[in-house]
1. Under the classification rounded if a/c is under 1.5, otherwise prolate if a/b is larger than b/c and oblate if not, where does the chain fall, given a ≥ b ≥ c as square roots of the Cα gyration tensor eigenvalues?
2. Please turn the phi angles of the stretch 174-180 into ³J(HN,Hα) values with the Karplus equation 6.51 cos²θ - 1.76 cosθ + 1.60 (θ = phi - 60°), one per residue in order, whole Hz, x for glycine and proline.
3. Given a Förster distance of 30 Å, report the FRET efficiency between N25 and N87 from their Cβ-Cβ distance, rounded to the nearest 0.05.
4. Under the classification rounded if a/c is under 1.5, otherwise prolate if a/b is larger than b/c and oblate if not, where does the stretch 179-305 fall, given a ≥ b ≥ c as square roots of the Cα gyration tensor eigenvalues?
5. Given H placed 1.01 Å from N in the peptide plane, which residues other than close sequence neighbours of I159 have an amide H under 5 Å from its amide H?
6. Which of the three applies to the stretch 56-106, rounded, prolate or oblate, going by the alpha-carbon gyration tensor with a ≥ b ≥ c and a/c under 1.5 meaning rounded?
7. Apply 1/(1 + (r/R0)^6) to the Cβ-Cβ distance of D278 and S15, taking R0 = 41 Å, and write down the FRET efficiency to the nearest 0.05.
8. In the structure shown, do any of K38/K115; K106/K133; K175/K264; K38/K132; K13/K42; K310/K331 have a Cα-Cα gap over 22 Å, and if so which?
Amino acid sequence: MTITIYDVAREAKVSMATVSRVVNNNPNVKEATRIKVKEVIKRLKYTPNAVARGLASKKTTTIGIVLPDIADFSSSEAVSGIESVANMYKYNIILANSCHDKEKEKEIFNSFVSKQVDGIIYLGHSLSDSSKKYLEDINIPVVLSGNIGIDDTFYSININYEEASYNLVKEFLEKGKENISIVISSYESQKAQRIIKGYKKAFSEFNKDFNSKLIVDGYKSYKESSHVLKRIKELDSDVVITMFDEVALSILHQTQDLNMDVPKELEIVSFENTRLLDMSRPKISSVFHPIFDIGAVAMRILTKVIDVEKAKSKGEEYTEDEIETLNSNGKELYLPHRIIHRQTTK
């Protein structure tokens, strides 16, 4: 069994950042803590990665970015936004692909600690309780880009998914459409919960009963969605809203295989809006949100958080202006959205 920096931190009851400081002889550690950590390192026979130690000893400013899928269109566009601001402020970037694996995510966080990154931008689709706890333990500034945190622990940059869902569903209800299916990744996703909340709000406003069967969960990729149209047809849906573009495209292709008339028999809207939608024929309607800008704003907010944390560690004064007041929802910042009707809606 390989002993990791996380094992040392857990055993010594300190953060992984503290263990990393001890390993790299950082003076900003209390002597009693340093002795305790060294005892645990010796007892567990922990051997730090020599390459990581060499990188960590250099005075660089580095941001770690966690991607759910390196081939994901949304992630690549957000990274472009992040990179544009990172270059402006002279930050280096380390990209890491989690492949939607929560255990691999923890390994990535561990690696980021060993490299002493200044901050982390998380692009994963949802942040689990265990990942949240892990990020809190490593004591490194974190910003969520394009997703929502479980609470106000971290800053997050996204659109107002609840409001967008409400506006979209309301629009269909006004046209007399009631069998509106929503295809989500999972109920654990904070984004999915917000979308469902907006959906319910619109139905309630129109005095319509909410049918939970119309919420179809378990789909986030093209391959996974290869048979989802069958479920949608069984629900007699005349509208389907998806969380992800790949799912919308998969549904469109399935309708074409069955010679269904889109949008006459089924209207399709995606909640993601990557360039993938412009490549489809017919072009798929969507809820627009500025993915590039979301990445850029996430990076800018992270630089502010890092500056304040550095000032705190040095005992320097800082003003509240150095961290922008985001909005009344605490640490969530919303960017504008709008509904774009292309060729899969009437």
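No lab work stands behind these numbers, since they all come straight from the coordinates. Remember, predicted model here, so these are calculated numbers, not experimental data. Because the Cβ atoms are built from the backbone with ideal geometry, glycine has one as well, and the counts that use them run over all protein chains shown.
1. On the way: a/c = 2.45, a/b = 2.12, b/c = 1.16.
Cα axes put the chain in the prolate bin.
2. Here the 3J(HN,Hα) series is 5, 8, x, 8, 10, 8, 9 Hz.
3. It comes out at approximately 0.45.
4. Oblate.
5. Placed amide hydrogens put L335 under 5 Å from I159.
6. Numbers: a/c = 4.05, a/b = 1.32, b/c = 3.08.
Note, shape of the stretch 56-106 comes out oblate.
7. Values: r = 45 Å, r/R0 = 1.09.
Computed FRET efficiency for D278 and S15 comes out at 0.35.
8. Flagged as over cut-off: K38/K132.
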